[in-house]
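Notes to accompany the following structure.
The values are calculated or read from the model by the stated rules, or taken from the named source; none is laboratory data. Keep in mind that this is a model prediction, so the values were computed, not measured. A quick note on method: Cβ atoms are made from the backbone with ideal geometry, for glycine too, and the neighbour counts reach across all protein chains shown. These area figures cover heavy atoms from the full protein model, side chains too; ligands, DNA and RNA do not enter into them. Shrake-Rupley method; radii C 1.70, N 1.55, O 1.52, S 1.80 Å.
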Amino acid sequence: MHDAVGASQHLTLPTEIWNECWSYSDTWDIKNLCLVCRLFRALCQKRLFRSLYFVAPSPEYVTRDNVAEWADSLELSSYRHASLVSDPDASLLPALVQEWSFIGFAREFNPNLPDYPGIARFEEAYTIAIESFFVALPFYRNIRSIDLSYLDVDQRARAIFAMFPALDALKLNECNITSPKGPSLPLRLCDLSHHSSLNGRENTTEPIDLVLPDRLQELLFTHTHNIELVLPWLLNFQSFEYLTNLTLALKPASTRMFRELLEKCPRLQCLFISMHSTLSPEFFSIPLPSSIVPQLRRVFIPCDVARVLVPGRPVDRVEIHGRGSDAPGSSVIAELLKVLRPSVPLRTLRVSIPGVAPDLAILSSIHTKCPDLISLDLELDDLPKNEDEDMGTEGGSSGGVGVGNSFDSVGSSVTVSTHPPDGNRDDDPAMMGTQPAAGDTTQDELPVPHYLYVGSSQELPRLRKGVVMRSSDYPAIAVDEHGCPVRKLGTFAGLVDHLALGHAHLPSLLETLHLSQYSHYPQQGEVRRFTIEEQHSAIARLAILYPHLKKIYLGFHGNAWERVQPELWRVPWS
């Protein structure tokens with residue numbers, strides 16, 4: 001009896017608490033919860049049927065051997081979705097659906113399909129699936145989001161979209177809009193990208209009338225071949241009062257219309273211009289008054305656009321790209337830092353420009369111009385292997401004096417140790433234990449590191465899983481008789497060595513450091529990758545020099561190290 005009373009008390013918990021608990025459950029758990037009791041069934045059904053989706057097979061996976069199986073799968077999916085709105089026992093379920101996603105089939109991605117036996121039945125099954133989708137769609141009256149891919153959006157589809165009074169988001173990814181005119185929708189989010197042709201049908205060449213500006217908050221046009229069809233229609237409206245996020249892919253011919261659109265977005269906060277965009281010099285020849293997009297906070301834009309848009313605005317997050325730029329990346333950054341004068345301190349800077357050399361001058365400029373920076377992300381072009389070897393020692397462990405891991409100047413030491421496997425250790429990383437016996441690891445057979453300890457204590461964290469590495473297991477940074485790194489500047493490894501030894505300075509409040517070793521010009525030769533062993537030594541030193549750091553990424557597709565305790569770092573996949 002006591003257990004029954006306790007169970008009934010738990011069932012009186014507020015719905016919000018149950019929903020929070022179930023947000024950590026997967027679909028199978030939700031299905032099982034529906035079988036517990038009537039209350040759980042009523043609550044879980046809302047989560048279980050909130051999102052419906054249909055995914056056609058990807059063309060490259062349809063082969064001569066399995067085309068019949070795919071046809072059976074399509075027919076079964078069509079039947080299931082049709083029964084959801086036709087079965088009397090499921091009459092309450094359509095009202096629970098709020099999100100619908102349909103990923104279609106684009107046969108041109110596999111031109112060999114017409115030669116397969118049974119392809120006619122497969123295409124017939126896919127046609128039935130599309131028809132069952134559009135027939136059932138009007139029954140989901142409470143839909144708030146529709147996401148379609150690889151479909152033709154014709155007049156019937158547009159009429160169905162207008163049936164949903166609560167529709168907030170419409171995403172048409174790689175769709176053909178064959179009907180440019182139709183009911184305009186009062187959306188909050190509109191994401192539009194489409195093919196020039198799909199399944200043999202040409203796309204419209206007329207301006208597309210799709211969304212009203214009254215409630216619009218996010219507008220995304222990510223392909224350059226549709227921008228001329230969208231901007232003329234957008235400019236017909238007087239303003240986009242609530243638009244905060246705008247993503248565009250621009251062509252030189254659309255530069256003037258883009259400028260006019262910015263004038264109609266007084267509350268724009270985030271602007272993303274695709275890396276495939278090109279703008280006419282006309283955009284940069286006329287000053288852009290600060291009264292245009294005065295609330296801009298975050299930009300992902302080319303270098304030249306940043307010079308025009310950032311100064312005088314409260315932009316605190318700048319992401320620069322310039323894939324098509326001919327100017328050397330290092331000079332572009334130096335010039336950019338001179339003209340970037342936002343009205344608030346810059347907090348995030350990301351630069352992805354070809355030709356950014358591993359140069360201390362860049363970091364010095366960032367340290368001087370951006371003292372409040374908390375996140376720095378740079379793609380650095382490294383030298384090919386043969387040139388790298390000419391400028392310094394390949395491994396960094398010879399040609400100079402090895403610098404140990406004792407930091408007298410900062411009053412701490414770097415200790416990295418390895419624990420043997422032990423299933424009895426505590427989970428808490430803060431629990432301390434004794435050092436393992438000498439000889440647990442060797443220089444020739446180093447385990448993959450999981451944790452890095454940067455504290456001064458001789459006792460080390462004891463963990464149930466993973467290992468904590470000792471700095472002495474790895475080569476120290478090689479320096480010459482003057483205390484300078486043997487590996488010279490101009491290489492990625494040389495730049496990191498100088499940073500780790502304190503010969504260059506980063507903003508003192510930095511929390512995230514992301515230095516990518518990259519080669520924008522692979523025809524010049526492969527770069528010498530920054531090894532995991534080199535990462536340990538550099539990260540241990542940087543963690544002490546910059547106590548605010550929480551995440552460090554170094555190298556060529558390396559690992560992002562995260563600080564999990566004040567003196568303990570971990571690789572996320574450990």
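Out of Ala71, Ala42, Ala56, which single residue is touching a Lys or Arg at 6+ places or on another chain (Cβ under 7 Å) and either at pLDDT below 85 or under 29 Å from Asp115 (Cβ atoms) (or both)?
Ala71
Find all pairs meeting these conditions: Cβ atoms under 8 angstrom apart; at least six residues apart or on different chains; first residue within segment 119-133 and farther than 19 Å from Ser58 by Cβ and open to solvent by less than 80 Å² (accessible area, probe 1.4 Å); second residue aliphatic (A, V, I, L, M) and in a helix (DSSP H, G or I).
Ser132/Ala82
Counting only residues that are outside any loop (DSSP other than H, G, I, E, B) and over 24 Å from the mean Cα position of the chain (by Cα), how many does segment 338-365 have?
Residues meeting the conditions: 8.
Out of the residues in segment 231-245 that are more than 16 Å from Leu271 (Cβ to Cβ) and not polar (S, T, N, Q), which is least open to solvent (accessible area, probe 1.4 Å)?
It comes out as Trp233.
In this structure, does Pro287 turn out to be without any contact (Cβ under 8 Å) to a residue 24 or more places away in the chain and farther than 26 Å from Pro183 by Cβ?
Considered against the rule, which asks whether it is without any contact (Cβ under 8 Å) to a residue 24 or more places away in the chain and farther than 26 Å from Pro183 by Cβ, Pro287 comes out as yes.
For segment 476-513, which residues satisfy the criterion of being of a type in the set (S, T, N, Q) and open to solvent by 40 Å² or more (accessible area, probe 1.4 Å)?
Scanning segment 476-513 gives Ser508, Thr512.
Does at least one position in segment 89-98 carry a residue that is without any contact (Cβ under 8 Å) to a residue 40 or more places away in the chain, part of a helix (DSSP H, G or I), open to solvent by 80 Å² or more (accessible area, probe 1.4 Å) and of a type outside the set (Lys, Arg)?
yes
Taking the residues in segment 336-348 that are charged (D, E, K, R) and loosely packed, with under 14 Cβ neighbours inside 10 Å as candidates, determine which candidate is modelled with the lowest pLDDT.
Lys338
Matching residues to (1) aliphatic (A, V, I, L, M); (2) open to solvent by 20 Å² or more (accessible area, probe 1.4 Å); (3) at pLDDT below 90; (4) out of contact with any strand residue (DSSP E or B) (no Cβ under 9 Å at 6 or more places or on another chain):
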{"site": "Asp154", "(1), (2), (3), (4)": "no, yes, yes, no"}
{"site": "Met163", "(1), (2), (3), (4)": "yes, yes, no, yes"}
{"site": "Ala166", "(1), (2), (3), (4)": "yes, yes, no, yes"}
{"site": "Glu174", "(1), (2), (3), (4)": "no, yes, yes, no"}
{"site": "Leu192", "(1), (2), (3), (4)": "yes, no, yes, no"}
{"site": "Asn199", "(1), (2), (3), (4)": "no, yes, yes, no"}
{"site": "Glu202", "(1), (2), (3), (4)": "no, yes, yes, no"}
{"site": "Thr205", "(1), (2), (3), (4)": "no, yes, yes, yes"}
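With the structure loaded, tell me whether Ser78 is exposed (fewer than 14 other Cβ atoms within 10 Å of the Cβ), assigned to a helix (DSSP H, G or I) and in contact with a helix residue (DSSP H, G or I) (Cβ under 9 Å, 6 or more places away or on another chain) or whether it fails that test.
Considered against the rule, which asks whether it is exposed (fewer than 14 other Cβ atoms within 10 Å of the Cβ), assigned to a helix (DSSP H, G or I) and in contact with a helix residue (DSSP H, G or I) (Cβ under 9 Å, 6 or more places away or on another chain), Ser78 comes out as no.
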